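Read through the structure below, which is laid out as structure tokens, and then see the notes.
The values are calculated or read from the model by the stated rules, or taken from the named source; none is laboratory data. Since the structure is predicted, the reported quantities are computational estimates derived from the model, not experimental observations. Backbone-built Cβ (ideal geometry, glycine too); neighbour counts: all protein chains shown. SASA here: full protein model, heavy atoms, side chains in, ligands and nucleic acids out. Shrake-Rupley method; radii C 1.70, N 1.55, O 1.52, S 1.80 Å.
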Amino acid sequence: SSTNYWSSETTYPVDVYNNNSLLYPIVEEYVSYLNTKLTNATGSLLTYNQVKNLGCDDSTYSCSSAPAWVYSTNYWTGSAYGTYSVWYVISDGFFSVGSYGSDIGSGVRPVITISTSEI
């Protein structure tokens, strides 16, 4: 988020993960590896809305109502909170916002989509 490649006039939260993201090459490298075994895997990052739909609550900054796998590790989402901050989840079930470079210790948790015929 420190590169600020989205507009400050944007209505937040907004999904900002795309091929301009600093995390995009990391996710795409993993997808490329998977595609040596599969045929059409795609990857992205969980969005703010997906995390909320899974049970995280931005008003309490908690994922206590979500399945444990949603907060079993620290990760950035693909959604911005503001011009310089992005939503993240950490393993104690905390759902909040932070800036790239802050000492949150979050990584990435790619969402991989594959065809049911390959399962």
| task | Working from Cα positions, state the angle (0 to 90°, nearest 10) between the long axis of helix 24-34 and the longest principal axis of the chain. | result | 30 degrees
| Net +/- balance of residues flanking ASN19 in space, Cβ distance below 14 Å, scoring K and R +1, D and E -1 | -3
| field | Carbon and sulfur %, accessible surface of the chain computed with the full protein complex present, 1.4 Å | value | 50 percent
| Can you list the residues, at least 5 places off or on another chain, whose amide H is less than 5 Å from the amide H of SER79, using H built in the peptide plane? | VAL16, TYR48, TRP87
| Which whole-Hz couplings ³J(HN,Hα) result when phi for each residue of the stretch 61-78 is put into the Karplus expression 6.51 cos²θ - 1.76 cosθ + 1.60, θ = phi - 60°, listed in order with x for Gly and Pro? | 6, 9, 10, 5, 8, 8, x, 4, 5, 5, 10, 7, 8, 8, 7, 7, 8, x
| Roughly how many nanometres apart are two label points built 7 Å out from the Cα toward the Cβ at ASP57 and SER72? | 2.4 nm
